[in-house]
Amino acid sequence: MYRSHNCGELRIGDVGKQVILSGWVQRIKNRGVLNWVVVRDRYGTTQLVFDEERSAADLLEQSKTLGREFVIQAEGTVIERESKTQSMTTGDIEILVTKLTILNAAETPPFTIEDETDGGDDLRMKYRYLDIRRNPVKNSLIFRHKVAMEVRTYLSNQDFIEVETPYLIKSTPEGARDFVVPSRMNEGQFYALPQSPQTFKQLLMVGGMDKYFQIVKCFRDEDLRADRQPEFTQIDCEMAFVEQEDILNTFEGLTRHLLKEINGVEVDKFPRMLYEDAMRLYGNDKPDIRFGMQFGELNEVAQHKEFNVFNKAELVVGIAVPGANIFTRKEIDKLIDWVKRPQVGAMGMVYVRCNEDGSYKSSVDKFYDQADLAKWAEVTGASAGDLICVLSGEKDKTRGQLSALRMELAERLGLRNPDEFAPLWVIDFPLLEWDEESERYHAMHHPFTSPKPGQIDLLTTKPGEVKANAYDLVLNGNEIGGGSIRIHDKETQALMFDYLGFTPEEAKAQFGFLMDAFQYGAPPHGGIAFGLDRLVSILGGQETIRDFIAFPKNNSGRDVMIDAPAPIDNEQLKELNLKLDL
Ligand code: ASP
C-alpha cells in the first residue's frame, strides 16, 4: 500500500493515527537536529517531521538526503503541531515519521513549483508536467472537469445522448483551413480533421437520435491569435423537431445550470438582441453588456457644419465615458494615440468634456457651439462629469474602432467585473457576408444554416440582406456558443450551395452524402456549439484559456514539450506517397 491517506486529508481529530503518505517533496526546512519536510500531492500538503530526540538517528540523516520534488513515501504517527498554520488545510498536525522510502529521486526542477512561480511561459510549457503540479494549473484542470461533468449531467437529464463522431473525415466548412491527414492505404488521398462535427450531427438527426451532444475536439488551421488553439474543444449539440425558440430555451437552461452549480450565481434574464442592433449600439456582434456606453450616432447633429472630417464621413459615432472628464489632457492625448495604433486604426478622436456646471469643452470648439455639443450629449446619453469620445469614417471600420475603445476604457475604469455574468443572445445574423478577397459572398455561419422563413427569394435580389435563423450566445463580451436552424431539404441545400458558388458537381463531390440523406426523411433540426475552453476560462474568471488546457500549443501552434509539429522520415513519406517541395 503506497498510502493510507492523501496529503490534504489529516486533521486534529486524526492525532495518534498511524498513517502512510506518498507524494512529492515541496519544501525542506533543515535545522540540523530537526528536519521538516512538506510533502505534496494533488489534494494538498502535509508536514513531516524528523528530529534527533524522537526519530532514529539514521532516519534523520536519510531525511537530509531529500531534494525538491523527490517522490517519497512516509510512514508515521499523526501528532499535534506546536506552531499551527492556517496556510495548510492540514496545518494543525504533522507526521512524526518512523519510516521513509525514496520512491524516486528528482533533478532540481527548472522553475519553482509554487503558486507564484519564477518560470516564464515558455519554460512552463516545455515542462508542462511540472507546471501541472502547481496549484493554479492543477485547480484549473479540476475546474474544467467539474464544468464538463455539469454539462454532461444537465444534458443527460434532458435526454441528450453523447455520441462520438469520427476525426478522420472530409472537409466540413466552418470557414477555416483544414488540417489534413494523408491516407497510406488510399494513395494520393487525404482525410481532413473535422473543423466541427457539423455534418455528422445533422446525419444523427436524420438517424433519429433527436437530442445529441458531444464534448469533442475540433481542428482549424487558422492564423493563430492570442488565446486561439488549433485544436479546441466544443460542447457540440443538435436537436430535431425544434425551432429557434426551443434551442434558445434549452441552452439558456444549460448556461443557467452552469452558472448556478459552478459559480453560485442565479441569472434570470437572457436578453435577446438583433445582430443589427448589436452592431449599431456596440459596434460588435458580441457586446459586453455589463456596462453601458452604448453608441450614439451623431451624423444628424454633427454633419453639415464647417468640420470637414465629419462631413465626409459615412458615420460619426460617439460614446459617453462615465466620470472620465477627470482625465487630464495628457491622458486624453494618450487615448488618442491609442486609437491611432495600427491595431485599432482610427485617424483621430474628437472629444467633449462635460463639465459639472453643465458647460462643454471640446476639441472642436472652433466648429461647434454649446447648443451643438448639448445635442451630442443627448444622443450619447452623457451627463455632467462624463467624457464623450467621437470617431468617424467608413461605417463598419469606425464601429469596430469605437468598440475597441469602449472595451479598453471599460477595462481601465474597472467596469468589467469578472464576478458579474451578463449573458445575451444575439439573433438574426445575416446569412451571407461579403468577402473582399474572393469578391463573393460566403456563408456567415456555415452553408447548412437556413435562411429565415420567406427570405429565400431575397437571395437573388439582395443577398446581403437575407437574415439567417442563426444565433450566438454571448457572455461578458465573449461569444461562448453559436448555432442555427438548419436547412433540411435537398432543394434548398442545393440552392444554397449554388449561391455560395459551388458547381453542382462540386457540391455533390463534397456534400453529396448530406443531400442524399436529406432525401430519406430528414426532420427539421437545429443546434449549437459552445467553445468549452473559453467558457471554462470565463466561468473561472480568467482571461486566458491556456491554463485550462492540460497541454496547450503556443502562439505558433507548436507543442514545445513534445516538439511538434516535426518532420517525418523519408521512409514514412514514401509509404504515404508524399514528396516534399520546400
Ligand atoms: N458547427 C458550428 C460551429 O462549430 C456550430 C453549430 O452550428 O452548431 O460553429
Inset, instruction - Hey, can you tell me all the residues within region 301-340 that are open to solvent by 80 Å² or more (accessible area, probe 1.4 Å), within 19 Å of Lys397 (Cα to Cα) and in contact (Cβ under 8 Å) with a residue 40 or more places away in the chain? - result: Glu314
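Identify, from the list Leu514, Leu532, the residue that is under 9 Å from the mean Cα position of the chain (by Cα), within 16 Å of the ligand (Cβ to nearest atom) and open to solvent by less than 10 Å² (accessible area, probe 1.4 Å).
Leu532
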Inset, instruction - Residues being in a strand (DSSP E or B) and surrounded by fewer than 14 Cβ atoms within 10 Å (Cβ to Cβ): count how many of those fall in region 341-378. - result: 1
Legend entry - Where Pro423 falls short, out of the listed (1) away from the ligand (no atom under 14 Å from the Cβ); (2) touching a Phe, Trp or Tyr at 6+ places or on another chain (Cβ under 8 Å); (3) modelled with pLDDT under 95: (3)
Inset, instruction - May I ask you to say which residue of Ser63, Ser55 is in contact with a Phe, Trp or Tyr (Cβ under 9 Å, 6 or more places away or on another chain) and either β-branched (Val, Ile, Thr) or touching a residue at least 12 places away in the same chain (Cβ under 8 Å) (or both)? - result: Ser63
Legend entry - Complete set of residues in region 191-205 that are closer than 26 Å to Gln229 by Cα and open to solvent by 10 Å² or more (accessible area, probe 1.4 Å): Tyr191, Leu193, Phe200
Inset, instruction - Can you run down the residue pairs with Cβ atoms below 6 Å, 6 or more apart or on separate chains, where the first is in region 107-120 and under 13 Å from Gln26 (Cα atoms) and the partner is surrounded by fewer than 10 Cβ atoms within 10 Å (Cβ to Cβ)? - result: Phe111/Asp118; Thr112/Asp118
Inset, instruction - Can you give me the number of residues within region 162-199 that are in contact with a helix residue (DSSP H, G or I) (Cβ under 6 Å, 6 or more places away or on another chain) and within 13 Å of the ligand (Cβ to nearest atom)? - result: 3
Legend entry - Qualifying positions in region 77-100 - more than 43 Å from the chain's Cα centre (by Cα), farther than 13 Å from Cys7 by Cα and at pLDDT 95 or above: Thr77, Ile79, Glu80, Arg81, Leu96, Val97, Thr98, Lys99, Leu100
Legend entry - Among the residues listed as Gly175, Gly188, Gly253, Gly208, the single one being surrounded by fewer than 19 Cβ atoms within 10 Å (Cβ to Cβ), part of a loop (DSSP other than H, G, I, E, B) and either modelled with pLDDT of 95 or more or among the aliphatic types (A, V, I, L, M) (or both): Gly208
Legend entry - Top-ranked residue in region 225-244 [being more than 16 Å from the ligand (Cβ to nearest atom) and among the charged types (D, E, K, R); ranked as nearest to Ile161 (Cα to Cα)]: Asp227
Inset, instruction - Give the number of residues within region 233-250 that are among the aromatic types (Phe, Trp, Tyr) and surrounded by 19 or more Cβ atoms within 10 Å (Cβ to Cβ). - result: 0
Legend entry - Qualifying residue in region 285-294 (condition: within 15 Å of the ligand (Cβ to nearest atom) and surrounded by 17 or more Cβ atoms within 10 Å (Cβ to Cβ)): yes
Inset, instruction - Evaluate the following for Pro524: is it modelled with pLDDT under 95 and more than 12 Å from the ligand (Cβ to nearest atom)? - result: no
Inset, instruction - Would you be able to tell me the number of residues in region 48-61 that are open to solvent by 40 Å² or more (accessible area, probe 1.4 Å), under 22 Å from Ile93 (Cβ atoms) and of a type outside the set (Gly, Ala, Ser)? - result: 3
Inset, instruction - Give, as residue ranges, the helices (runs of 4 or more DSSP H) completely inside region 266-316 that count at least 2 residues that are under 30 Å from Ile247 (Cα atoms). - result: 275-282
Legend entry - Candidate set: region 387-424, residues that are farther than 16 Å from Leu281 by Cα and of a type in the set (Gly, Ala, Ser); chosen: the one most open to solvent (accessible area, probe 1.4 Å): Gly414
Inset, instruction - For region 211-224, name all the residues that are among the charged types (D, E, K, R) and either modelled with pLDDT of 95 or more or within 14 Å of the ligand (Cβ to nearest atom) (or both). - result: Lys211, Lys217, Arg220, Glu222
Inset, instruction - Keeping to region 535-547, report how many residues are under 15 Å from Asp121 (Cβ atoms) and either open to solvent by less than 30 Å² (accessible area, probe 1.4 Å) or assigned to a loop (DSSP other than H, G, I, E, B) (or both). - result: 4
Inset, instruction - State which residue is farthest from Lys201 (Cα to Cα) when the search covers only region 117-172 and only residues that are acidic (Asp, Glu) and in contact with a strand residue (DSSP E or B) (Cβ under 7 Å, 6 or more places away or on another chain). - result: Asp159
Legend entry - Count of region 441-470 residues which are within 17 Å of Asp498 (Cα to Cα), touching a Leu at 6+ places or on another chain (Cβ under 8 Å) and away from the ligand (no atom under 16 Å from the Cβ): 7
Inset, instruction - For region 485-499, state whether one or more residues are under 21 Å from Leu459 (Cβ atoms), open to solvent by 10 Å² or more (accessible area, probe 1.4 Å), under 33 Å from the mean Cα position of the chain (by Cα) and more than 16 Å from the ligand (Cβ to nearest atom). - result: yes
Inset, instruction - Go through (1) in contact with a Lys or Arg (Cβ under 9 Å, 6 or more places away or on another chain); (2) open to solvent by 10 Å² or more (accessible area, probe 1.4 Å); (3) away from the ligand (no atom under 16 Å from the Cβ); (4) in contact (Cβ under 8 Å) with a residue 24 or more places away in the chain and name the single condition Leu573 misses. - result: (4)
Inset, instruction - Count, please, the residues in region 72-98 that happen to be surrounded by fewer than 16 Cβ atoms within 10 Å (Cβ to Cβ) and either among the basic types (Lys, Arg) or under 14 Å from Ile28 (Cβ atoms) (or both). - result: 1
Legend entry - Leading residue by the ranking (farthest from Gly16 (Cα to Cα)) among those in region 115-135 that are open to solvent by less than 70 Å² (accessible area, probe 1.4 Å) and modelled with pLDDT under 95: Gly120
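The values are calculated or read from the model by the stated rules, or taken from the named source; none is laboratory data. Computed from a predicted model, the values in this text were never measured in an experiment. With ideal geometry, Cβ positions are generated from the backbone for all residues, glycine too; neighbour counts draw on all protein chains shown. The area values use the complete protein model at the heavy-atom level, side chains included, leaving out ligands, DNA and RNA. Shrake-Rupley method; radii C 1.70, N 1.55, O 1.52, S 1.80 Å.
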